[in-house]
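Q: Below are the structure tokens for one structure; questions will follow.
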């Protein structure tokens, strides 16, 4: 009985070695086919990976697109005004077929010299520019108003011409000066009494 058990554990019988040889040849052929296939494609992700891992694995085979160098310019109109951070450009579509890219910059603040204590207000200049104009765009100082974060109006006056005009191939720059408290504020541009854009900014005096 023990001899028979050992025979079954070994290669008993006349056909087992040939069967193992055939299996070995089949395994070798399978491995060779797998190796040749692997040379022409990216190896699959490891077994057991999640669908997200597989997606990342697959995306690694293609170039990743780069983000645009600059953010797209939003479009504003009397029916669709824009709220922007100071320094942002806006493409304004106005009645009569006039359009332009308008930007508000600043304020450039002149901080007075004090005895070691930061001032609570200072004069600052906001610069309005209009470029890429279709038609003719007039920018009077009266088209711009400013308020601080407490709702108080900041009086603005033109430094230089009180009205500038931009046209195709001819940009224009309007400079407005006011006295700003430390904190947040905004400047609003209206065209024919309709709000076109509002720019938010912060004045730091320390």
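Q: With the crude spin-label approximation of a point 7 Å out along Cα→Cβ, what separation in nm comes out for residue 184 versus residue 71?
A: Result for the modelled spin labels: 1.5 nm.
Q: For a paramagnetic label modelled at 7 Å from the Cα of residue 193 toward its Cβ, which residues of region 132-170 fall within the zone defined by backbone nitrogen distances under 15 Å?
A: Only 143 pass the distance filter.
Q: Packing-wise, with mean Cβ within 10 Å as the measure, how do 106-118, 74-86 rank, highest first?
A: The most tightly packed comes first, giving 74-86, 106-118.
Q: Ranked highest first by average number of other Cβ atoms within 10 Å, how do 159-165, 169-175, 181-187 line up?
A: The peptides rank, most packed first, as 181-187, 169-175, 159-165.
Q: Multiply the residue gap between residue 113 and residue 206 by 0.36 nm, knock off their C-alpha separation, and tell me the result in nm, one decimal place.
A: Fully extending the segment from residue 113 to residue 206 adds 32.4 nm.
Laboratory data are not the source of any read-out in this text; all were calculated from the coordinates shown. Here the structure is a predicted model, which means the values were calculated and not measured. Cβ: placed from backbone, ideal geometry, glycine included. Neighbour counts: every protein chain shown.
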